[in-house]
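See below for the structure under consideration.
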Amino acid sequence: MSMEKLLLRNIGVTDSHTLAVYQSRGGYQSWEKVVRNMKPVELIEEVKASGLRGRGGAGFPTGMKWSFVPKDSPKPKYLVCNADESEPGTFKDRLLIEQDPHAIIEGTLIAAYGIQSHTAFIYIRGELVAGAKILERAVEEACRAGYIGKNIFGSGYDLDVIVHRGAGAYICGEETALLSSLEGGRGWPKVKPPFPATHGLFGCPTVVNNVETLAALPWIIERGAAAYAAMGTEKSKGTKLFSVSGHISRPGVYEVEMGYPFKKFLEEDCGGVPNGRKLKGVIPGGGSMPVLRPEELEKVNLDYESVQAAGSMLGSGGVIVMDDSTCMVRAASNIARFYAHESCGQCSPCREGCHWMEKIFHRIEHGEGQTGDLDLILNISGNIMGNTICPFGDAAAMPAAAFIRKFRPEFEAHIAEKRCTVSTQ
Amino acid sequence: MDPVKITIDGKEVVIAKGKTVIQAAAEAGVAIPHYCYHSKLSIAGNCRMCLVEIEKMPKLQIACNTQVAEGMGVLTQSPKVLAVRKAVLEFLLINHPVDCPICDQAGECQLQNYYMEHNREASRFELGKVHDRKKTIFGPHVIFDGERCIKCTRCVRFCQEITKTDELAVINRGDHSTIALFDDSVLDNPLSANVVDICPVGALTDRDFRFKVRVWYLQKTPSVCPGCSTGCNISVETYQNRIARFKPRINEAVNSHWICDEGRYCFHELTGGERLTVPLIRQEGGLVPTTWDNALQAVLAGLRSAKAAAGIMSGRSTNEEAFLFAKLMKKLTPGSPLEVCYQERELSENQKILMSPDRAPNFRGGRDMGVRANGGYESLLQKLLAGDVPAAYVVGEDLIGANGGGRRCRNFPFWSSKISV
């Protein structure tokens, strides 16, 4: 894979987190171009034309999201950068935060300008202590350089950026829970409608964009929407970051042009499964997405549509690779435990269902599974799916059901023999 | 608002734009089961019991937060809807102790009712239930059982939105979520016991009513609260001719869905220690019990011997009592000034939500029946204090603290004892 890096272009450069290095590599020129030469509506059109889609997991077109913000609202508008990266198997945003914070800040400024917000927040996951410090320092640098503050570039446009640390809840990555938390409340998702574009932070029009989405903006402004849209597939444009972990020779964060063959990516770019083991399953988009079997990977490309056609989702791009030494019961149980632990407890199906599934997975894993357990989990996950306030319910239900559907004989053997038949651990 | 036309289970309903499906259904007489939705509180959407099918929408939608739209087709009885109700009930019950035999809510519990209506199957949950606190005292009137709680947050929203006192909050996460007092607060606002009424299950119970009587034995009589002049509509609920509790009755013009704690528990005065149960007469050394004949004779003698007298009647008297009082006084002491006792009290912002400054429920009724003097009660009182009127017949009020400290009239500690009753 030889392609120009957009998102990772500054990664690996010495002191890439400093303003001096960022500026020396063309940093904040896009911001200046936007403020000096572009009207907000032109900026929104440009982003729409680029085909950029939200990189937090849902893949919603970014420009369209901005255009939902009412222009005539008398209320203040807010731009929020979602840096609450917590999806299992995902660590792409952290890399950008720690090594290229100014790209995120520049993207945040551009997006804020697009919706004419004068206060932008960067909500960073509580556990990313170093990242928060780096971001705060970077914001300070950008303030001192006049990129943030009053009357930016003499345009009369004011913008403040506030870094806010979360307290360590997965659910606060969900945009409305993030807003509740930012408001000082309990990190509970809000019932929709109304949507954040009209009733977001403190009831004001708000856009929440993922770190990676925002970090792509400076490049798009610099090179133009057409250059970005020239990459990728018809509906999935540009490049995307993938966090590859698990049983893989070269784990790490990769930037891949949308539409790149999944199998080729794993085998050639990531070096394949090590130690002569065979591939058993891959989660393509973070812990909440359905696992894929090796044979399902054959024709899958790394773009939203192709992965969806294979029965999973691109999600956050957290690729978790499992070789044939992996006990799928244990893997499923592990994921179920995560969701049971992180369920916020607001709505009934998720609050009760996630724990119920986790308890059943746990007993199967520990040799106490019963006939009927698998169908029960499938039924519970079906009862959660689509019936909850936020996508968390689906995120817990989908992987649970997928593990059972795709590796059912292994689960049945586990129940019948009351022990693991795969792993020797 | 423009009306829109929708169908609910094929039935056409015309309703104002901006209303929700659950409101439209209620108007059309279609019951959609729900826990967290309450017409006087904000939408929480957390119980998921009101999920309904909306034609042309792939996912089920919560009726409480879905606004009606022209031509919308709502299905409340489709197989998908019935299945999800069953599922939600199963979820709500997996960690519920099912301790109905010892639960005060039994008989008026929405978990019981909806379970019988929509589920009726044995739970498939056979693992360890989550345990929670069984008897946490939230305040003077309310006690909390965490295991029975379904986290609908009605109580939390009540304290946020109606009383604006924020005593309650949800703490912890997942299936360990529970309701708790926020920081060191106590649930003692003037409307606190309403959280018991809006709790759809047995999580919040009334410390006063708790364990007294099973609700299906209660006889319910619609009435009006005698606690103050607001006149909140209540249901007097009795068992074996004793009042077991007051419950609010909905009247949007007066008290909406609520009653204050003072009114709710004021029925205890009927059986409390300060109520006169036999006539007492003042002799040397204090009050002594006597017969009604003797007491009435003493009143008659007192009034007849007085050159002039005043009549003061309690604002708690009925119209009929006031009428008879006026008639009696006009006959015995013609021309004597009559007035209904009136005392105002200071109220906090929270008390003002329902409580009136005037504690007597029928001041106006008494005056309308002719118990009324020129200048009003205050002026008559001044005359009495100045000794301008040598005698007064006081009915239903304890102006001089004769019966245990003058509770009703603590505002007048300087009352002249020259005046005989």
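Computed from the coordinates by the stated procedures, all read-outs in this text should not be read as laboratory data. Model, not experiment: these values are computed from the prediction. Don't worry about glycine lacking a Cβ; one is built from the backbone with ideal geometry, like all the others, and counts go over all protein chains shown.
At an R0 of 30 angstrom, the distance between the Cβ atoms of B:Cys100 and B:Ser78 translates into a FRET efficiency of 0.50. Shape analysis of the range A:179-251 based on the Cα gyration tensor places the equivalent ellipsoid semi-axes at 31, 21, 11 Å, largest first. Averaging 1/r over every pair of different alpha carbons in the range B:74-159 and inverting the result gives a Kirkwood radius of 14.6 Å. Label reach from B:Lys5 (point 7 Å along Cα→C-beta): in the range B:54-82, amide nitrogens under 15 Å belong to B:69-74.
Using only side-chain charges placed at the Cβ, +1 for Lys and Arg and -1 for Asp and Glu, the dipole size of the range B:88-200 relative to its Cα centre rounds to 180 debye.
Shielding value for A:80-87 is 0, the average number of Cβ atoms from other chains within 10 Å of each residue's Cβ. Placing pseudo-labels 7 Å out from each Cα toward the beta carbon at A:Arg144 and B:Lys327 gives an inter-label distance of 9.4 nm. Taking A:Val47, A:Val253, A:Val191 in turn, the Gaussian network model of chain A (Cα-Cα springs below 10 Å) assigns the largest fluctuation to A:Val191.
I want the local charge near B:Lys247. Using Cβ-Cβ distances under 9 Å, sum +1 for each Lys or Arg and -1 for each Asp or Glu among the other residues. Summing Lys and Arg as +1 and Asp and Glu as -1 gives +2. For the pair the range A:1-41 and the range A:186-214, the centres of their Cα atoms are 27 angstrom apart.
Beyond 28 Å in Cα-Cα separation lie the following of the pairs A:Lys39/A:Lys77; A:Lys237/A:Lys263; A:Lys192/A:Lys280: A:Lys192/A:Lys280. Dipole orientation for chain B: of the candidates B:Val278, B:Leu296, B:Leu75, B:Leu296 has the Cα lying most toward the positive pole (charges on Cβ; Lys, Arg +1; Asp, Glu -1). On a C-alpha basis, how far is the centre of the range B:145-213 from the centre of the range A:81-146 in Å? Whole number, if you could? After rounding, the separation between the Cα centres reads 39 Å.
When you work out D = kT/(6 pi eta Rh) for the protein assembly as shown at 20 °C and 1.002 mPa s, using the Kirkwood radius from C-alpha pairs as Rh and the Stokes-Einstein form, the result is 68 µm²/s.
Three semi-axes describe the equivalent ellipsoid of the range B:262-340; taken as square roots of 5 times the Cα gyration tensor eigenvalues and ordered largest first, they are 25, 20, 10 Å.
Computed from phi, the 3J(HN,Hα) profile of the range A:51-66 under the Karplus parametrisation 6.51, -1.76, 1.60 (θ = phi - 60°) reads x, 4, 10, x, 9, x, x, 7, x, 7, x, 5, x, 5, 4, 5 Hz, with x in place of Gly and Pro. Among A:Ala397, A:Ala111, A:Ala49, the largest mean-square fluctuation in a Gaussian network model of chain A, built with springs joining Cα atoms closer than 10 Å, belongs to A:Ala49. Summarised in one figure, the compactness ratio Rg/Rh of the range B:2-157, Cα atoms and Kirkwood Rh, is 1.01. Dividing the Cα radius of gyration of chain B by its Kirkwood radius returns 1.09 for Rg/Rh. Above 39 Å, the calculated P(r) of chain A contains 19 percent of its Cα-Cα pairs. Under the convention that each Lys and Arg Cβ holds +1 and each Asp and Glu Cβ holds -1, the size of the dipole of chain B around its Cα centre is about 540 debye.
Between B:Met57, B:Met72, B:Met369, the residue with the greatest mean-square fluctuation in the GNM of chain B (Cα pairs under 10 Å linked by springs) is B:Met57. The C-alpha atoms of the range A:223-351 occupy a region whose extents along the principal axes are 45, 43, 24 Å, arranged from largest to smallest.
Stretching the chain fully between B:Glu27 and B:Ala69 yields a gain of 13.5 nm (0.36 nm per residue, less the alpha carbon separation). Max-minus-min Cα coordinates of the range A:53-175 on each principal axis give 42, 32, 22 Å, with the largest extent listed first. For B:Ser223, the residues 5 or more places off, or on other chains, whose built amide H falls under 5 Å of its own are B:Ile234, B:Ser235, B:Val236. Under the convention that each Lys and Arg Cβ holds +1 and each Asp and Glu Cβ holds -1, the size of the dipole of chain A around its Cα centre is about 280 debye.
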